[in-house]
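What follows is one structure encoded as structure tokens, with my remarks underneath.
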Amino acid sequence: MALQQLTDEQIRTWTRREKDEWWLKNIYRGDMPQLTIRSGITGFLLGGVLAATALYIAAKTGITIGVGLTSVILAFAIYRILNSAGLARDFSILENNCTQSIATSSGYTVSWLTAGLTAYMLITGVIVPWWQIMVWAVLISLIGVLIAFPMKRRFINEDQLPFPEGRASGVVLDALYHGAAGAGMFQARLLGVVALGTATWQALISDGWMKLIQFKILRLHQWAGLKEPWTIHERLDTYYYQAGGAALKILNTDIRTLGLRLTLDAAMLGVGGLMGIAVATSCLLGAFVNFVVLAPIMIQKGDIVQRVLANGQVVPLSRAEIVNQWSLWWGVAMMVAGSLVGLFAKPELFTSMFKSMRSGSAASQAAAGPDPLAHIELPLWLSWVGVPILSILGAWATHAFFGVPIGLALLSLPLIFVLTVICTNSMALTSWTPTGALSKITQFSIGAIDRSNPASNLLPASMTGEIASNAANLLSDIKPGYMLGGKPRHQAIGHVIGLFAGVIACVPLYFLLFLRPDASGVRSTAKIVSDQFAFPSALQWKGVAEIIGKGFGGLPESALITMGVAVVAAIAMELARVATKGRFGLSAVSVGLGVVLPPESTFAMFVGALVFWLMGLRHKAPGTRKHAIWVEGAEPMCAGLISGSALMGIGNAILNVLME
């Protein structure tokens, strides 16, 4: 069924009241089940699982994956199968929409956890208690929800802005329930088959799963004399070295020290497929320049050396040491400069911000009178009362839990509205939220006032950036509900359910994966960043905080020169992208990301992106099975690679804890 929408002329000339009355008469489906018990439970469970996979991938790559379309397809398939088996009636389209609202909301809890909060713990060495993280996350997320719904009336009801990602979910939902249901089931099967195959592979390379199968189930240590579990090596070059292959070196530095390993990581193949060939190529370029060219030169020069701890222990050179001692600085410089140029190169974001803040327009005056949607919209008084109260509580929690002076925490609050409007305009026009760039503005602004305490700039920046991003993403998620005639209040409640699902799933998992206690039961921040989990976003935040706190004086001259070159290169790249209207393929932010990611991950992402790109070119013609698999099914396949690998990787970590 074709989705009804207003014409451009109607959008320009009608008042908001006229638009609301048209929507209420033609689109709204008030009698259709929406936020039911089963859609709430399904969304809560799916949201928790998908948020956990998003946490796993964000810790590895710094990329926060969307879960909206994945949850749509999974919910559709689950209830279509249950309906066919006579166990439950099929989901209504609005129940599915509520489910994806809850699931996507749960995913919003991931970015701050793997960025600003982790950076704070890395710098201070303080492990924040789990309950404080949960309280802070809930407060911040609720502020985002309450800010978003008044803005919905302007950006969605009145301006009818596109929100491309949200619109895509609405189109997919409409196609599943009113047209291509067979295609939806095909994509669900594709996702399931790929996830199952990936999970099997992940089990074969995981020590925890192999211990469970070989020692606990098969008891091979008792009757076959097996001492260690047999696993397939994920790092394929291990077989080369086991066979007696000579060490490969660049300027007398072993490539393994540089992190140049050949790894078959299924999750990274999926991430690469989602990010596309241009971004993946940019990441690979950053990794090549840093680890193949610059790092070996700096090791020879003596700017990257083995460290000796206070107790005399020598810290050997490794990829992490190379990044922390030298490479981080030019990588961060490129990401920050690129993101800021990309932000300020879009003046329409700022002009539309002032348009949104302007009151008393003719359209607004004409829209005066009783609100035709008052009985289904979230009451505005909840926002007018709730946002100030929750903001003050959030500032107090930031002070009490993280040691941020209360004055600085309160000072950051006025930035929330401005940053939210910018983020929302960006999401509405491009499906991109410039959270990284905007949070750096807060970080540098607050850091200029207090340079002595890294928490003073990290946590307020994390708070303002996360609220802005949360509200913008939430509005994108409201868009399909508006297109399909859903009740706004139900979506608001769904988002609150989702944020609790994400927090409950991700915070304990964060402690389990990254803050495991040692043999004496003591947790430490020293092993948060590892070869498996690079935490590039956290390293970027940490690098900016250290620059603010220490200045540039303590850096090697080579690092300062490279930072300057990186800034110039980033500006040139982003200006080229603007001048060519996006046709210039390299992204400065992605090049910088490749510097802080493990090079084996960037290579795997590039391989994944290359495979999907080539197969997409080869099977462009619609209507064929190969097109259905490699083009229409690309996102479900990538989701299967990511979810199968991530869930088994999480399970492996849990098994290792239980079997210690």
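Each value in this text was obtained by applying a stated rule to the coordinates, not by laboratory testing. Bear in mind that the values here come from a model prediction, so they are computed numbers and not experimental data. No Cβ is skipped: glycine too gets one built from the backbone with ideal geometry, and neighbour counts run over all protein chains shown.
List of remarks:
- Here the stretch 242-314 and the stretch 583-636 have alpha carbon centers that stand 22 Å from each other.
- Fewest-first sequence of E158, E9 by Cβ atoms within 10 Å of each Cβ: E9, E158
- Each of L204 and H233 was given a label point 7 Å from its Cα along the Cα-to-Cβ line. The distance between the two points is 1.6 nm.
- In percent, rounded to a whole number, the relative contact order of the stretch 227-352 is 22, using alpha-carbon pairs under 8 Å and six or more apart.
- Sorted peptide list for 249-259, 622-632, criterion being average Cβ within 10 angstrom, highest first: 249-259, 622-632
- Residues of type aspartates and glutamates that K542 reaches as a straight line, Cα spacing below 13 Å, ignoring anything fewer than 8 places off in the same chain: none
- Distance from the C-alpha centroid of the stretch 20-58 to that of the stretch 457-481: 18 Å, rounded to the whole angstrom.
- For the stretch 104-131 versus the stretch 181-233, the gap between their alpha-carbon centres in whole angstrom: 30 Å
- FRET efficiency, 1/(1 + (r/R0)^6) with R0 41 Å, evaluated for H178 and Y241 via beta carbons: 0.15
- Note on I41 and K626: their simple-model spin labels are 4.5 nm apart, each label 7 Å out from Cα toward Cβ.
- Only Cα pairs under 8 Å and 6+ residues apart enter the sum, and on that basis the relative contact order of the chain stands at 33 percent.
- Going by neighbour counts of Cβ atoms within 10 Å, the residues D531, D265, D174, D518 line up, fewest first, as D518, D531, D174, D265.
- Each of M615, M463 has some number of other Cβ atoms within 10 Å of its Cβ, and from fewest to most they run M615, M463.
- Measuring between alpha carbons in the structure, the pairs from K216/K527; K60/K249; K479/K620; K19/K626 lying more than 32 angstrom apart are K19/K626.
- Structure-based [θ]222 nm, the chain - -39500 (n - 2.57) summed over DSSP H runs of at least 4, per residue, nearest 500: -21500 deg cm²/dmol
- Estimated distance in nm for a label pair at A579 and L248, the labels positioned 7 Å out from Cα along Cα-to-Cβ: 3.7 nm
- Among (1) 179; (2) 164; (3) 199, the entry that matches volume of the Cα convex hull per residue in Å³ as calculated here: (1)
- Estimated FRET transfer efficiency when R0 is 56 angstrom, pair V522-R12 (beta carbons, to 0.05): 0.30
- Long-range HN-HN contacts of R307 with modeled amide H, under 5 Å: V315
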